[in-house]
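Enquirer: Pasting a structure here, questions to come.
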Amino acid sequence: MRKSHPVVGTRATILIADLRGFSTLMDSVAPTLMVELLDRFFGLMAGIVDRHGGLVDKLMGDSIMAVFGVPTRRPDDLIRALNCAVEMQLGMIDLNRRNEALGEPRLYAGIALSTGDVMAGCFGSDVYNEYTVIGTPVNLASRIEGYALRGQILLSEATFRAAGHAIQVGNVNEVQVKGRSTPVMLYELKAVKEPRLLRVPTIEIRKTPRILVDFPAVFQRVDDKRILPERFVGQVNDMGYFGLCVDLPMALPPYSEVLMSLAPEFGLDGPLEVYARVLRSLPNKDRFRTNLQFTTIDTPGHRKIKQYVDHILWGS
């Protein structure tokens, strides 16, 4: 039957939660386990969305998109969406406890929220159509999600301003996103204060053991999940289980993604490839000292790094 929901304009908040580094993780687990991990993630996320009165719009690979404000608009849609995002990150902690108990990989999500005017309704043809939302806030949420680190929730400027005093935010970063001629401000959500205080759980990175090192690594930028061909060499000066510090020949913007090859120092015949995101990049003499956080966890490459750190520390 042709469209049962007419297309209407409305204001809504878009939420996208995406698994960090899952594409790389897929290469190291059996297909049956991959399906099980995704089912657990989607089941958890969909349940939280439903509890907060949102609508699951679609599943996209290893991400889920939800909408607050359609088909029925409520005055507290934004607060519902913000609380939903925080509870998603809290839920990931419980999910990982279960995964670890089963000896299975941990999963981490990055979440983005964008608020604005959208068109909602059934789009498609007589053969196939679906109820969904389209518009600039949807596209922006998709772009912002790509900048979110593990365990992080990023807000668009419209979402930040609409939330007002109901939230606490941390870092604010200016980034250039594809499809935008001007930079976009990203606000890191730390807590929602309504209807009660709910804090975003912190994933501690610097509390893991770290070692001083001095060796080169080859880097390539990653743009919209596509590896760019240009290679450049950086000098790694310290590293731990979940990240490293490297001197690079150029400054990289916060939250941008890189692929690095660490083969020579790990005694491997082939390259050890690990994906990471930029936390900060500061001038240091004629280079840029750059802190990176690994986006791929519990993959063969990440396990090799952990083994290397342990070997240097304890000879194990």
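The values are calculated or read from the model by the stated rules, or taken from the named source; none is laboratory data. Computed from a predicted model, the values in this text were never measured in an experiment. So basically every Cβ, Gly included, is an ideal-geometry build from the backbone, and we count neighbours across all protein chains shown.
Enquirer: Among the strands (runs of 3 or more DSSP E) confined wholly to region 104-169, which include 2 or more residues that are modelled with pLDDT of 95 or more?
Expert: Filter on region 104-169 gives 109-124, 153-155.
Enquirer: For D62, state whether it is in contact with a strand residue (DSSP E or B) (Cβ under 6 Å, 6 or more places away or on another chain) and either surrounded by 19 or more Cβ atoms within 10 Å (Cβ to Cβ) or at pLDDT below 90 (or both). Steps first, please.
Expert: Working: in contact with a strand residue (DSSP E or B) (Cβ under 6 Å, 6 or more places away or on another chain): yes; either surrounded by 19 or more Cβ atoms within 10 Å (Cβ to Cβ) or at pLDDT below 90 (or both): yes.
Here the answer is yes, as D62 does meet what is asked.
Enquirer: What are the residues in region 275-309 that are among the charged types (D, E, K, R) and either within 20 Å of G234 (Cβ to Cβ) or free of Cβ contacts under 8 Å to residues at least 60 places away in the same chain (or both), if any? Step through it out loud before you land on a result.
Expert: Residues of region 275-309 that are among the charged types (D, E, K, R), as a first pass: 277, 280, 285-287, 289, 298, 303-304, 306.
Within region 275-309, R277, R280, K285, D286, R287, R289, R303, K304 meet the criteria.
Enquirer: Now a separate question. I'd like to check something: does region 118-127 contain any residue that is closer than 17 Å to F42 by Cα, in contact with a helix residue (DSSP H, G or I) (Cβ under 8 Å, 6 or more places away or on another chain) and assigned by TED's automatic domain parsing to the domain that holds L38? Give the steps one after another, and end with the answer.
Expert: The first filter runs over region 118-127 and keeps only residues closer than 17 Å to F42 by Cα, leaving none.
No, the conditions are met nowhere in region 118-127.
Enquirer: Of everything in region 3-52 that's out of contact with any strand residue (DSSP E or B) (no Cβ under 7 Å at 6 or more places or on another chain) and either part of a loop (DSSP other than H, G, I, E, B) or not assigned by TED's automatic domain parsing to the domain that holds E104 (or both), which residue is surrounded by the most Cβ atoms within 10 Å (Cβ to Cβ)?
Expert: Start the filter on region 3-52 by keeping residues that are out of contact with any strand residue (DSSP E or B) (no Cβ under 7 Å at 6 or more places or on another chain), which leaves 22-23, 25-40, 43-44, 47-48, 50-52.
Add one more test, that the residue is either part of a loop (DSSP other than H, G, I, E, B) or not assigned by TED's automatic domain parsing to the domain that holds E104 (or both), and what stays is 27-30, 52.
On the way: D27: 11, S28: 16, V29: 17, A30: 9, H52: 21.
Ranking the candidates gives H52 first.
Enquirer: With (1) assigned by TED's automatic domain parsing to the domain that holds K285; (2) at pLDDT below 85 as the list, and G243 as the residue in question, which single condition is left unmet?
Expert: Every listed condition holds for G243 apart from (2).
Enquirer: Given the condition touching a Ser or Thr at 6+ places or on another chain (Cβ under 9 Å), of a type outside the set (S, T, Y) and either under 26 Å from P31 (Cα atoms) or assigned by TED's automatic domain parsing to the domain that holds T32 (or both), answer yes or no: does some residue in region 93-108 qualify? Full working, then the answer.
Expert: Within region 93-108, the first condition is being touching a Ser or Thr at 6+ places or on another chain (Cβ under 9 Å), and the residues that meet it are 105, 108.
Checking the rest, the ones that are also of a type outside the set (S, T, Y) come to 105.
Now narrow it down to the ones that are either under 26 Å from P31 (Cα atoms) or assigned by TED's automatic domain parsing to the domain that holds T32 (or both): 105.
Within region 93-108 (the criterion being touching a Ser or Thr at 6+ places or on another chain (Cβ under 9 Å), of a type outside the set (S, T, Y) and either under 26 Å from P31 (Cα atoms) or assigned by TED's automatic domain parsing to the domain that holds T32 (or both)), the answer is yes, since at least one residue qualifies.
Enquirer: Here is a follow-up. Can you pull out every residue in region 220-243 that is buried (at least 17 other Cβ atoms within 10 Å of the Cβ) and of a type in the set (V, I, T)?
Expert: Answer for region 220-243, where residues must be buried (at least 17 other Cβ atoms within 10 Å of the Cβ) and of a type in the set (V, I, T): V222, V236.
Enquirer: Still on this structure, I have one more. Sort out which residues of region 98-129 are touching a residue at least 24 places away in the same chain (Cβ under 8 Å) and farther than 27 Å from D223 by Cα, and write them in order of number. Walk me through it before giving the result.
Expert: From region 98-129, those touching a residue at least 24 places away in the same chain (Cβ under 8 Å) are 98-99, 104-124, 126, 129; that's our starting set.
Residues satisfying the conditions are R98, N99, E104, D117, M119, A120, G121, C122, F123, G124, D126, N129.
Enquirer: I want to confirm something. Restricting to region 134-149 and keeping residues that are over 8 Å from the mean Cα position of the chain (by Cα) and farther than 16 Å from K178 by Cβ, which single residue is surrounded by the most Cβ atoms within 10 Å (Cβ to Cβ)?
Expert: The qualifying residue surrounded by the most Cβ atoms within 10 Å (Cβ to Cβ) is G135.
Enquirer: Out of everything in region 172-222 that is among the charged types (D, E, K, R), over 15 Å from Q152 (Cβ atoms) and in a strand (DSSP E or B), what residue ends up being farthest from the chain's Cα centre (by Cα)?
Expert: From region 172-222, those among the charged types (D, E, K, R) are 174, 178, 180, 188, 190, 193-194, 196, 199, 204, 206-207, 210, 214, 221; that's our starting set.
Keeping just the survivors that are over 15 Å from Q152 (Cβ atoms) gives 174, 178, 180, 193-194, 196, 206-207, 210, 214, 221.
Pick out the ones that are also in a strand (DSSP E or B) and you get 174, 210, 214, 221.
Numbers: E174: 17, R210: 24, D214: 29, R221: 17 Å.
If we take residues in region 172-222 being among the charged types (D, E, K, R), over 15 Å from Q152 (Cβ atoms) and in a strand (DSSP E or B), then D214 is farthest from the chain's Cα centre (by Cα).
Enquirer: Moving on. Sort through K225, K178 and tell me the only one that's in contact with a Ser or Thr (Cβ under 8 Å, 6 or more places away or on another chain) and among the basic types (K, R). Explain how you work it out, then say what you get.
Expert: Numbers: K178 fails: in contact with a Ser or Thr (Cβ under 8 Å, 6 or more places away or on another chain).
One residue alone meets the criteria, K225.
Enquirer: Just checking, which of V236, V222, V177, V192 is under 21 Å from A112 (Cα atoms) and outside the structural domain of V86 (by TED's automatic domain parsing)? Reasoning before the result, please.
Expert: Values: V236 fails: under 21 Å from A112 (Cα atoms); V177 fails: outside the structural domain of V86 (by TED's automatic domain parsing); V192 fails: outside the structural domain of V86 (by TED's automatic domain parsing).
None of the other options fit; the residue is V222.
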